[in-house]
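What follows is a set of notes on a single structure, which appears directly below.
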There are 2 protein chains.
Amino acid sequence: MPTARTPSSSESAALDTRVLESLVGYNTRRAWSVISSVFAERMAVYGLKQVDFSVLSLLAHNPGATSRQLCATLDILPPNLVSLVAAMDSRGLIERRPHPTDGRAVGLHLTAAGRKLVREAEQTVTQLELDASAKLTVRERETLIKLLQKVYL
Amino acid sequence: MPTARTPSSSESAALDTRVLESLVGYNTRRAWSVISSVFAERMAVYGLKQVDFSVLSLLAHNPGATSRQLCATLDILPPNLVSLVAAMDSRGLIERRPHPTDGRAVGLHLTAAGRKLVREAEQTVTQLELDASAKLTVRERETLIKLLQKVYL
DNA sequence: TATTGTTATACTCTATAACTATA
DNA sequence: TATAGTTATAGAGTATAACAATA
């Protein structure tokens, strides 16, 4: 007869989470947490954080965008974007050019290296999306995105 | 004729966000960000953060749960739960009792004041959920939760 | 007078190492 | 030897105030 063993707390009966699991907020946070981990892991290969990817991807499709526009779009505060942009400039991924019509602003542009990195990173993210939504049909994935946008738009 | 004015960056043409908006990850984060703000705002009335609410709600439905179980359920690291539990103890919302079978562990229980606060807070959260998903039908809200759980469970 | 970009700084959140008491 | 709870601490992430240059 095997020796009786007290199960550790982590393996013991799980808690009743039915109330929390009935909340859109709780489920959204949990889903984001999981996707976020995988995202961080796969972007680390490129030396990019999640916000870095967002910035580079936005610049790829909006050349010459200003820091202020990036902040408004991504809900980042201006002081917190400064070092991020500076770092990507140092890495040679982006270039800061004088804004054509506003002497206060700086237009941000991807360099050739930046464009190459975004192309690769966007492919990785596309694969990541497929993996993260592997349990969803194509139609369900579209529905999920549509419903999430109804919440925040 | 009105004077011409250069539109500020924040009011000028919005950036093209179509790539980001096609990603489950991006939309989940944005939705969580919006819900999170409203949640924080309304829970401030009770002096509760989001994680505080989760802990109290779990204890309401799982009396005697241990710190370890809360950590495993909510994805919190043990050292980060210590001060949180201590603060709720000081406020008289929870009580720490010796665990009936494990001398290392501490069973956490709501006090009468804690139970009263959870009741009120859960009602506020229920209303918050209705507001946050105001643009969703009852059926869509259920679908959203089901799809989110397919992503993280 | 308002806005862009910036510096400095503070506050919160999250993460790691190491200790103690008990299993 | 492993686990529960704890301490101390480090690192991200996020927030506000204030400044120079330009609108």
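Coordinate-derived values only; no laboratory data. Computed from a predicted model, the values in this text were never measured in an experiment. Heads up, the Cβs are rebuilt from the backbone with ideal geometry, glycines too, and the neighbour counts pull from every protein chain shown.
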Name every residue in segment B:103-130 that is in contact (Cβ under 8 Å) with a residue 24 or more places away in the chain and within 16 Å of DNA strand D (Cβ to nearest atom), in order of residue number.
B:ALA105, B:VAL106, B:GLY107, B:LEU108, B:HIS109, B:LEU110
Go through segment B:45-56 and give me each residue that's of a type in the set (A, V, I, L, M), more than 11 Å from every other protein chain (Cβ to nearest Cβ) and within 11 Å of DNA strand C (Cβ to nearest atom).
B:LEU48
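Taking A:ILE94 as the residue in question, decide whether it is within 11 Å of DNA strand D (Cβ to nearest atom) and more than 10 Å from chain B (Cβ to nearest Cβ).
no
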Index of the failed condition, B:ALA60 passing every other in (1) under 16 Å from the mean Cα position of the chain (by Cα); (2) within 30 Å of A:LEU74 (Cβ to Cβ):
(2)
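Within segment A:101-118, can you find the residues that are within 12 Å of chain B (Cβ to nearest Cβ) and exposed (fewer than 11 other Cβ atoms within 10 Å of the Cβ)?
First, pick out the residues of segment A:101-118 that are within 12 Å of chain B (Cβ to nearest Cβ): A:101-108, A:118.
A:THR101, A:GLY103, A:ARG104, listed by residue number.
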Identify all residues within segment A:57-103 that are more than 9 Å from DNA strand C (Cβ to nearest atom), aliphatic (A, V, I, L, M) and within 20 Å of B:SER33 (Cβ to Cβ); write none if there are none.
A:LEU58, A:LEU74, A:ILE76, A:LEU84
Being part of a helix (DSSP H, G or I) and surrounded by 16 or more Cβ atoms within 10 Å (Cβ to Cβ): is that true of B:LEU130 here?
no
When segment B:67-82 is examined, which residues are found to be within 8 Å of chain A (Cβ to nearest Cβ) and buried (at least 20 other Cβ atoms within 10 Å of the Cβ)?
B:GLN69, B:LEU70
